[in-house]
Amino acid sequence: MLLLNPGPVTLSERVRRSLLAPDLCHRESEFFDLQDEARARLLAVYGLDPAEWAAVLVTASGTGAVESMVTTLVPQAGRGLVAENGVYGERIARICAQYAIAHERLTGDWMQAIDSAEIAARLDSSQGARFTHVAVVHHETTTGRLNDLRPLGELCRSYGAELLVDAVSSFGAEPVDFADRSLAAAAATANKCLHGVPGVAFVIVRRHALERAASRTHYLDLTRLAGAQDRRDTPFTPAVHAHYALVEALREHAEQGGWLKRHRRYAALAQQVRTGLETLGIAAAVAPAESSVVLRSYRLPARLSYATLHDSLKARGFVIYAGQGDLSKRLFRISTMGEITADDIDRLLGCCGELLR
Ligand SMILES: Cc1ncc(COP(=O)(O)O)c(C=O)c1O
């Protein structure tokens, strides 16, 4: 079965085999070697300086990493502005609400880009109760839109706010400008563009942001996790096998040419899907210039329900993904993450052609 859903992804044989590595006690030096290698390799994906940045591992799914980032880095007296254009932006706001973090939401049409003029207006109108943080999803997997972080970074710099980024479905395959001084942290996971397995997620955080942090949670306290990991320790029992897979996936990622090569590989596959579906009369929902290369959403053809499309493709060996929320009746999604080849996409398009004939 080929997984064309946005994670977990189809694994390479090499990563799958790494799950059979020897049993390991998480309090022994062998585990800490693994943890050190994962942390160093995560920083190396974007060439980050370990004196300035920490990669902090958390045994959780991507949401756990986002929750850890937001609940640790926004201080008690802080105030967040959440820019939303999909499920995962909305989830950041839900996390803020759950922990009673002072915040405002900037909600927009899920099919549209985030309006930086509106963000500027909100930041401008907040004199007296200044926003300390702006939170945004980089690749909004709901629609496949790649949100442009540049204007948000510029606004954060001019209003003295820090940017918190959910990079769960972009880290490792899309450009992330870590040189932007406003960027305090990015949260991501092993089992999407890095091609590891679910169970371990991480936050790439500026060390100076950690120094000022005060967590609202115990398990997800980024400062505690970072401190322990810096000392070659762990506060809790980590998902050991997911760490094996993450390290192997990161080795493979580096050997294959890093994030830029992965970006190009995904871009070619995404273009192949787009062109092939267009030939069958199925239009992409977001313009290519505004889309990620990781996942694209497509308009469901009038004469085919999602259930029929999904079940028929599954019977032929492909798992695709539904639209989310109100978009579920209109859209379906295809991700090209994981061990997927051009031949696989040709076969997928052939099956779509049969269904639409
Ligand atoms: C952008 C984004 N953020 C957060 C998540 C949540 O990740 P998880 O399901 O691993 O908790 C996802 C999952 O697809 C995502 O795409």
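Tabulated values for the structure
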quantity	calculated
Pair Arg16, Asp346: separation of 7 Å Cα→Cβ label points (nm)	2.2 nm
Projected area averaged over orientations for segment 63-178, convex hull of C-alpha atoms, nm²	6.6 nm²
Between segment 147-205 and segment 1-77, the alpha-carbon center distance in angstrom	14 Å
Antiparallel bridges, percent of DSSP beta bridges restricted to the chain (to nearest 5)	50 percent
Within segment 1-63, trypsin sites (Lys or Arg not before Pro) in DSSP loop having at most 15 other beta-carbon neighbours inside 10 Å	Arg27
Residue-averaged [θ]222 nm for the chain, counting only DSSP H segments that reach four residues, each worth -39500 (n - 2.57)	-12500 deg cm²/dmol
Segment 96-180: relative contact order in percent, alpha carbon pairs under 8 Å with at least 6 residues between	28 percent
Set of lysines near Lys261 by C-alpha distance (under 17 Å), chain-local residues within fewer than 8 positions excluded	Lys192
Descending Cα extents along the principal axes, segment 124-232, whole Å	43, 34, 23
Point-to-point label distance, Ala44-Lys314, nm (Cα→Cβ direction, 7 Å offset)	4.0 nm
Per-q log10 I(q)/I(0), segment 218-325, q = 0.14, 0.17, 0.18 Å⁻¹ (Debye; single scatterer per alpha-carbon; no solvent)	-0.84, -0.97, -1.00
Peptides 291-299, 272-280 ordered by average Cβ neighbours within 10 Å, highest first	291-299, 272-280
Where only alpha carbons of the chain are counted, the Rg and the Dmax (Å)	20.3, 62
Fraction of beta bridges assigned by DSSP in segment 160-314 that are antiparallel (%, nearest 5)	60 percent
Distance between modelled label sites at Cys25 and Ala77, nm, 7 Å Cα→Cβ extension	4.6 nm
Residues Arg357 and Ala214, FRET efficiency given R0 of 45 Å [Cβ-Cβ distance, rounded to 0.05]	0.15
Cα-centred dipole magnitude for segment 224-283, charges only on beta-carbon of K, R (+1) and D, E (-1), debye, nearest 20	140 debye
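Throughout, read-outs are computed from the coordinates displayed, never taken from laboratory work. Source: prediction; values computed, not measured. Because the Cβ atoms are built from the backbone with ideal geometry, glycine has one as well, and the counts that use them run over all protein chains shown.
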